[in-house]
Amino acid sequence: MADKIKRQVTIAGVRYTLSGEAGEEHLQECADMVDKCMTDIQKSFSTLPDSMIAVLAACNIADQYLRLLD
């Protein structure tokens, strides 16, 4: 098993430590994707709480993933 890499990232203005085996660049790309999705939703629905924005972002990313599988 490969060593886990840790990377500090910022998503929606909050700092997180991500860890994984895919490397720092991959972790940063994942964080950037989530951050962009959340930012786009925030721009359209600025009154929603962060927790709801996060759920909508997760649904959007899951939709993109499932469309790729088709």
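Determine the share of the chain's accessible area contributed by carbon and sulfur atoms, expressed in whole percent, with a 1.4 angstrom probe.
Its accessible area is 57 percent carbon and sulfur atoms.
At 0.36 nm per residue, minus the direct Cα-Cα distance, what do N60 and D3 gain on full extension? Give it in nm, one decimal, please.
17.5 nm is the gain from fully extending N60 to D3.
Starting from the chain, pick out the chymotrypsin sites (Phe, Trp or Tyr not before Pro) whose DSSP state is loop and whose Cβ has at most 16 other Cβ atoms within 10 Å.
When the chymotrypsin sites (Phe, Trp or Tyr not before Pro) of the chain are filtered for loop state and at most 16 Cβ neighbours within 10 Å, F45 remain.
Which loop-located trypsin sites (Lys or Arg not before Pro) does the chain contain, where loop means any DSSP state but H, G, I, E or B and the Cβ has at most 13 other Cβ atoms within 10 Å?
When the trypsin sites (Lys or Arg not before Pro) of the chain are filtered for loop state and at most 13 Cβ neighbours within 10 Å, K4 remain.
Can you give me the long-range amide H partners of A12? Hydrogens built in the peptide plane at 1.01 Å from N, cutoff under 5 Å, separation of 5 or more residues or another chain.
So A12 has HN proximity to no qualifying residue.
So how compact is segment 29-68: Cα radius of gyration and Dmax in angstrom?
Both quantities, over Cα of segment 29-68: 10.0, 31 Å.
Can you pull out the GluC sites (Glu not before Pro) in the chain that DSSP calls coil and that have at most 15 other Cβ atoms within 10 Å?
E21
Based on Cα coordinates alone, diagonalise the gyration tensor for the chain, multiply each eigenvalue by 5, take square roots, and list the semi-axes in whole Å, largest first.
Output for the chain: semi-axes of 24, 17, 8 Å.
Whole-Hz Karplus ³J(HN,Hα) for segment 43-60, in order, using 6.51 cos²θ - 1.76 cosθ + 1.60 and θ = phi - 60°, x for Gly and Pro?
5, 7, 9, 5, 8, 6, x, 4, 5, 6, 4, 5, 5, 5, 5, 4, 5, 4
Would you tally the net charge around Q42, using a Cβ to Cβ cut-off of less than 12 Å, leaving Q42 out, and scoring K and R as +1, D and E as -1?
-1
The values are calculated or read from the model by the stated rules, or taken from the named source; none is laboratory data. Worth saying up front: this structure is predicted, and the values here are computed from it rather than measured. Here the Cβ is made from the backbone with ideal geometry for all residues, glycine too, and neighbour counts use every protein chain on show. Side chains included, ligands, DNA and RNA excluded: accessible areas come from the protein's heavy atoms. Shrake-Rupley method; radii C 1.70, N 1.55, O 1.52, S 1.80 Å.
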